[in-house]
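Here is the structure we will look at, set down as structure tokens.
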Amino acid sequence: MRYNITYNQLALVEYNQSQTEEFQLDCIDGIILQQLFWLREWEGVQTIKLADGIYFWVAYKKLISELPTIGIKSNDGLSRRIKRKLVRTGLIKLHVKKDDNSKTYWQFTNKGLKVVA
């Protein structure tokens with residue numbers, strides 16, 4: 001578990017000012033984005049190279065255990081929030097690798113990198 005959570009409030013506020021209410025993010029989204037950004041550089045993170053770049057995989061359980069204060073306790077709840085808020089807004093892209101152990105791989109878009117920078 002990370003003991004100190006930080007995210008770029010100014011970038012999040014500026015992002016929200018350019019969005020309709022439907023696409024605005026809150027501090028929980030900012031925390032999740034920052035944690036995904038940090039974990040993509042984590043030693044041992046699984047990656048997959050596709051035509052449009054490198055995607056990384058982080059287990060939902062890992063995110064949940066790293067961020068107990070966001071109040072999301074299930075893989076399904078976290079998955080829905082990421083897809084509804086972060087993918088739909090174009091901040092991250094996903095690639096689902098379907099096999100016996102289907103995994104969702106993530107990649108930050110340029111727009112997403114501006115929010116976590």
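Things to note:
- Pairing residues of the range 6-31 that are in contact (Cβ under 8 Å) with a residue 12 or more places away in the chain with residues that are open to solvent by 70 Å² or more (accessible area, probe 1.4 Å) and in a helix (DSSP H, G or I), at Cβ distances under 7 Å and at least 6 apart in sequence or on separate chains, gives A11/K114.
- Among the residues of the range 32-59, those that are without any contact (Cβ under 8 Å) to a residue 40 or more places away in the chain, in a loop (DSSP other than H, G, I, E, B) and surrounded by 10 or more Cβ atoms within 10 Å (Cβ to Cβ) comprise W42, V45, A59.
- Scanning the range 69-117 for residues that are in a loop (DSSP other than H, G, I, E, B) and either in contact with a His (Cβ under 6 Å, 6 or more places away or on another chain) or open to solvent by 60 Å² or more (accessible area, probe 1.4 Å) (or both) yields K73, R88, K98, D99, D100, N101, S102, A117.
- Qualifying residue in the range 15-36 (condition: touching a strand residue (DSSP E or B) at 6+ places or on another chain (Cβ under 7 Å) and either of a type in the set (F, W, Y) or at negative phi (or both)): yes
- Extreme residue, farthest from S102 (Cα to Cα), among residues of the range 6-22 that are open to solvent by 60 Å² or more (accessible area, probe 1.4 Å) and within 17 Å of the chain's Cα centre (by Cα): Q9
- Taking (1) open to solvent by less than 60 Å² (accessible area, probe 1.4 Å); (2) at pLDDT below 95; (3) closer than 16 Å to I28 by Cβ in turn, K62 satisfies each apart from (3).
- Residues in the range 56-93 that are within 12 Å of the chain's Cα centre (by Cα) and farther than 17 Å from Q34 by Cβ: 9 in all.
The values are calculated or read from the model by the stated rules, or taken from the named source; none is laboratory data. Since the structure is predicted, the reported quantities are computational estimates derived from the model, not experimental observations. Counting neighbours? That spans all protein chains shown, and the Cβs are built from the backbone with ideal geometry, glycine included. Quick note on the areas: whole protein, heavy atoms, side chains included, nothing else; ligands and nucleic acids left out. Shrake-Rupley method; radii C 1.70, N 1.55, O 1.52, S 1.80 Å.
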